[in-house]
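Q: Questions regarding the structure given below will be posed in turn.
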Amino acid sequence: MSRAKTVAHGPIMIQVSVIVPFYNSERYIQRCVEGLLQQSLPREAYELILIDNNSTDSSAETARQYPGIRLLTEPKQGAYAARNRGLQEAKGEVLAFIDADCVPAHDWLHQIMMAMEQPNLSIVLGQREYGGDSHVLSMFAAYEDEKHHYVFNSRKKELYYGHTNNMAVKKHLFDDLGPFVERARGSDTVFVRQSVNKYSCEVVRYCPQIRVRHLEIETPRNLYQKFFIYGRSRRSHRLIVEQEPLSNKERLQVFRNVVRTRRYSWMESMMLILYLGIGLAYWNLGAISLAKEEKDPVK
């Protein structure tokens, strides 16, 4: 069992607080909650904090059906405002973040606690699998996995980012740096960069054994739409934190790593180049669309 510090909560010893913001997530929230309740980590070792962020569907009613869950509300719209509400109530020394449209692997929390035994480690980011099982999505997942390995082994802090649908943080880091900046998107990356700027790149690690399944991404089209959003998000927080995308040379290195480790054929390699090119186009279109809006004084 992890040597992480515990906090008394009546007769229960809380090691980790799981924080789940949700807004109109009735399609996925049941699978998320049930996955969290069926963790291999003993139930008394973790608490589940769900934060309703002004849902108008049946999400909150679904969450209330499960005993032992702390259901909070956050009137200020925004996932990071909701996460900060959860931070205020959390009792664990490790804070695990997941979204309501994700389902964790059975050993998700156990793997988080195992990783957090490293004394200098304060942030872990896990692997995100897609909800669909198409060949296109599997190739994207392989590329993303290799990209995470490359970025978080590069020790180039300008490349570092976060993703709060599968991320855990030791509580002392929030005590030191404060809560998330309450923006529409990208505050996880801002927080990670604040952490490595103050300490070092050693405080962050990518752990592929910490796995969740992102149910919302069922088709390549869903993923391309996300790339468009990510492009807008990257541009929107450029004035808050300096962040660099991978250079073409670095992208090529990641691509070669994927082809080698997955033993892709020549045809599969060409297909991956095509899929990645389309994804990059959507990402750039997202950034361009926000740039145009910034130039429009009315918008």
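Q: Do we have VAL254 as among the β-branched types (Val, Ile, Thr), touching a residue at least 24 places away in the same chain (Cβ under 8 Å) and out of contact with any Pro (no Cβ under 8 Å at 6 or more places or on another chain) here?
A: Yes: the conditions hold for VAL254.
Q: Here are ARG43, ARG31, ARG64: which of them is surrounded by fewer than 19 Cβ atoms within 10 Å (Cβ to Cβ) and closer than 30 Å to GLY279 by Cα?
A: ARG31
Q: Answer yes if at least one residue in segment 202-209 is out of contact with any strand residue (DSSP E or B) (no Cβ under 9 Å at 6 or more places or on another chain) and touching a residue at least 40 places away in the same chain (Cβ under 8 Å), and no otherwise.
A: Yes - at least one qualifying residue is present in segment 202-209.
Q: Here is a list of conditions, (1) at pLDDT 95 or above; (2) among the charged types (D, E, K, R); (3) open to solvent by 20 Å² or more (accessible area, probe 1.4 Å), and LYS5 meets all of them except one; can you say which number that is?
A: So LYS5 meets the others, but not (1).
Q: Over 19 Å from ARG128 (Cα atoms), crowded, with 19+ Cβ neighbours inside 10 Å, at pLDDT below 95 and not basic (Lys, Arg), is that true of SER55?
A: Spelling it out, it is not the case that SER55 is over 19 Å from ARG128 (Cα atoms), crowded, with 19+ Cβ neighbours inside 10 Å, at pLDDT below 95 and not basic (Lys, Arg).
Q: Also, I was wondering about something else. Quick check, is ILE288 surrounded by 11 or more Cβ atoms within 10 Å (Cβ to Cβ), among the β-branched types (Val, Ile, Thr) and farther than 17 Å from ARG234 by Cβ?
A: Considered against the rule, which asks whether it is surrounded by 11 or more Cβ atoms within 10 Å (Cβ to Cβ), among the β-branched types (Val, Ile, Thr) and farther than 17 Å from ARG234 by Cβ, ILE288 comes out as no.
Q: Could you count how many residues in segment 219-257 are open to solvent by 30 Å² or more (accessible area, probe 1.4 Å), at pLDDT below 80, in contact with a helix residue (DSSP H, G or I) (Cβ under 7 Å, 6 or more places away or on another chain) and farther than 20 Å from ASP145 by Cα?
A: Counting residues in segment 219-257 that are open to solvent by 30 Å² or more (accessible area, probe 1.4 Å), at pLDDT below 80, in contact with a helix residue (DSSP H, G or I) (Cβ under 7 Å, 6 or more places away or on another chain) and farther than 20 Å from ASP145 by Cα gives 4.
Q: Just for segment 85-107: of the residues that are closer than 17 Å to SER17 by Cα, part of a loop (DSSP other than H, G, I, E, B) and of a type outside the set (A, V, I, L, M), which one is least open to solvent (accessible area, probe 1.4 Å)?
A: GLY92
Q: Please state which of the following conditions VAL212 fails to meet, knowing it meets all the rest: (1) over 22 Å from CYS32 (Cβ atoms); (2) touching a residue at least 24 places away in the same chain (Cβ under 8 Å).
A: Evaluating VAL212 over (1) over 22 Å from CYS32 (Cβ atoms); (2) touching a residue at least 24 places away in the same chain (Cβ under 8 Å) leaves (1) as the failure.
Q: Which of the numbered conditions does SER200 fail, given that it passes all the others? Conditions: (1) open to solvent by 40 Å² or more (accessible area, probe 1.4 Å); (2) over 23 Å from GLY92 (Cβ atoms); (3) touching a helix residue (DSSP H, G or I) at 6+ places or on another chain (Cβ under 7 Å).
A: The one condition SER200 does not meet is (3).
Q: Still on this model: Provide a single number: the residues in segment 54-77 that are touching an Asp or Glu at 6+ places or on another chain (Cβ under 6 Å) and small (Gly, Ala, Ser).
A: Here the count works out to 3.
Q: Does segment 213-223 contain any residue that is of a type in the set (A, V, I, L, M), over 22 Å from ALA141 (Cβ atoms) and assigned to a loop (DSSP other than H, G, I, E, B)?
A: no
Q: Right, here's the next one. Please determine, by comparing only the residues of segment 113-140 that are polar (S, T, N, Q) and modelled with pLDDT under 95, which one is most open to solvent (accessible area, probe 1.4 Å).
A: Selected residue: ASN120.
Q: Checking HIS110 against (1) of a type outside the set (A, V, I, L, M); (2) at pLDDT 95 or above; (3) open to solvent by 10 Å² or more (accessible area, probe 1.4 Å); (4) outside any helix (DSSP H, G or I): exactly one of these is not met. Which one?
A: All conditions pass for HIS110, except number (4).
The values are calculated or read from the model by the stated rules, or taken from the named source; none is laboratory data. For clarity, every value in this text was computed on a predicted model and none was experimentally measured. In this analysis, Cβ positions are derived from the backbone assuming ideal geometry, glycine residues included, and neighbour counts consider all displayed protein chains. SASA here: full protein model, heavy atoms, side chains in, ligands and nucleic acids out. Shrake-Rupley method; radii C 1.70, N 1.55, O 1.52, S 1.80 Å.
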